[in-house]
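To keep things clear, I will list the structure first and then write my remarks on it.
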Amino acid sequence: MRRALVLAAAAALLLPTLAAPGSAQAQGVLDEIRQRGELRVAGVLYRPFISRRPNGDHVGIDVEVMRLFAQELGVRLNVVPAEWATAVAGITTKRWDVVPATCITPARLEVVDFSESYLRIGAIFVMRSDNPKGLTTLEAFNRPTVTFAVPTGSWSESVAKEAAPLATLRGFGQSTSADLVQEVLAGRADAVVLDTPVQMTVARGAFGDRLAFFPGPTTPLDVRPCRVGYAHAKGDTAFNSALNAFIAKLRESGDMQRLFDRFMTPEQITATN
């Protein structure tokens, strides 16, 4: 009898240990989202993916994608105001479940996981359509007589240095892409580096056939490309699978392309409200 009681007590002590894997699994992101009744998304501002209206509402491509994903999970969407500097860290501290519009980099992959990429942001050289220096090949840009107008310390500057290391760079402080294009149109620079599709959409809408593009208006250079995905908690394969399946569903239905067609316009990118 005494031996039976000892065995029973030992079994009772083991029960929490045996149940632990199931309990830990229950704390996966999908279960947490369903338990709280909302999908929390970092509201990092990057038109036309996420922007904020004066009344506090968030709009944009990623807002709509995440809204549909929340509906798929049977919960509401909560876009939490956020900044890029702390966006990824906010996943590890569970301030939000997803950070949208994020470049997939080796450094970030050390601390978070990503969905499949749903966009590739690349660099394009932009010059006057009547440029006198025959800027039609990469070699033509890579000469000291070719001047790039670039924001100092920017991604654009690093692209120009890597793709055309012999070219001359004119650095500018806080400048918009339109400001830099005006340097080219005025003849004070030969080229600028713009990203596609965002800055390129605005430039083509504003300046039309006054500009020429290398390699092409929608074909970026293979220099410092940014594959964009949705960042989420590292190691959560169930959430990753659900998110990837949902992205694939949007693509196959054409809904993802319709969202890009709706928001990726000069008017949406440059809107002030």
Under 5 Å, built H, 5+ apart or other chain: amide partners of Ala167: Arg143
Shape of the stretch 122-224, Cα gyration tensor, a/c cut at 1.5: rounded
The stretch 126-134 - phi-based ³J(HN,Hα) in whole Hz, Karplus 6.51/-1.76/1.60, Gly and Pro as x: 10, 9, 5, 5, 9, 4, x, 9, x
Rounded to the nearest 20 debye, dipole of the stretch 122-224 from Cβ charges on Lys, Arg, Asp, Glu: 140
Under the Karplus curve 6.51 cos²θ - 1.76 cosθ + 1.60, θ = phi - 60°, whole-Hz ³J(HN,Hα) for the stretch 71-83, x wherever Gly or Pro sits: 4, 4, 7, x, 10, 8, 9, 10, 8, 9, x, 8, 10
Helix-derived mean residue ellipticity, 222 nm - over the chain, DSSP H n ≥ 4, -39500 (n - 2.57), to 500: -13000 deg cm²/dmol
Folded to 0 to 90 degrees: helix 198-207 orientation relative to the chain principal axis, Cα: 30
Rounded if a/c under 1.5, otherwise prolate or oblate - the chain, Cα gyration tensor axes: prolate
Debye log10 I(q)/I(0) at q = 0.16 Å⁻¹ for the stretch 56-116, Cα point scatterers: -0.56
Order by protection proxy (mean Cβ within 10 Å, highest first), peptides 93-101, 135-143: 93-101, 135-143
Proximal lysines relative to Lys133, as straight alpha-carbon distance under 24 Å, when same-chain residues fewer than 8 apart are discounted: Lys161
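How big is the antiparallel share of DSSP beta bridges in the chain, given as a percent to the nearest 5?
In the chain, DSSP labels about 60 percent of beta bridges as antiparallel.
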Simple label model, 7 Å out from Cα along Cβ direction - Asp31 to Arg251, nm: 3.0
Candidate lysines - alpha carbon under 26 Å from Lys234, same-chain residues fewer than 8 apart omitted: Lys94, Lys249
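Bear in mind these aren't lab numbers, they're just calculated from the coordinates by the rules spelled out. On a predicted model such as this, the values are computed, not experimentally measured, just so you know. Backbone-built Cβ (ideal geometry, glycine too); neighbour counts: all protein chains shown.
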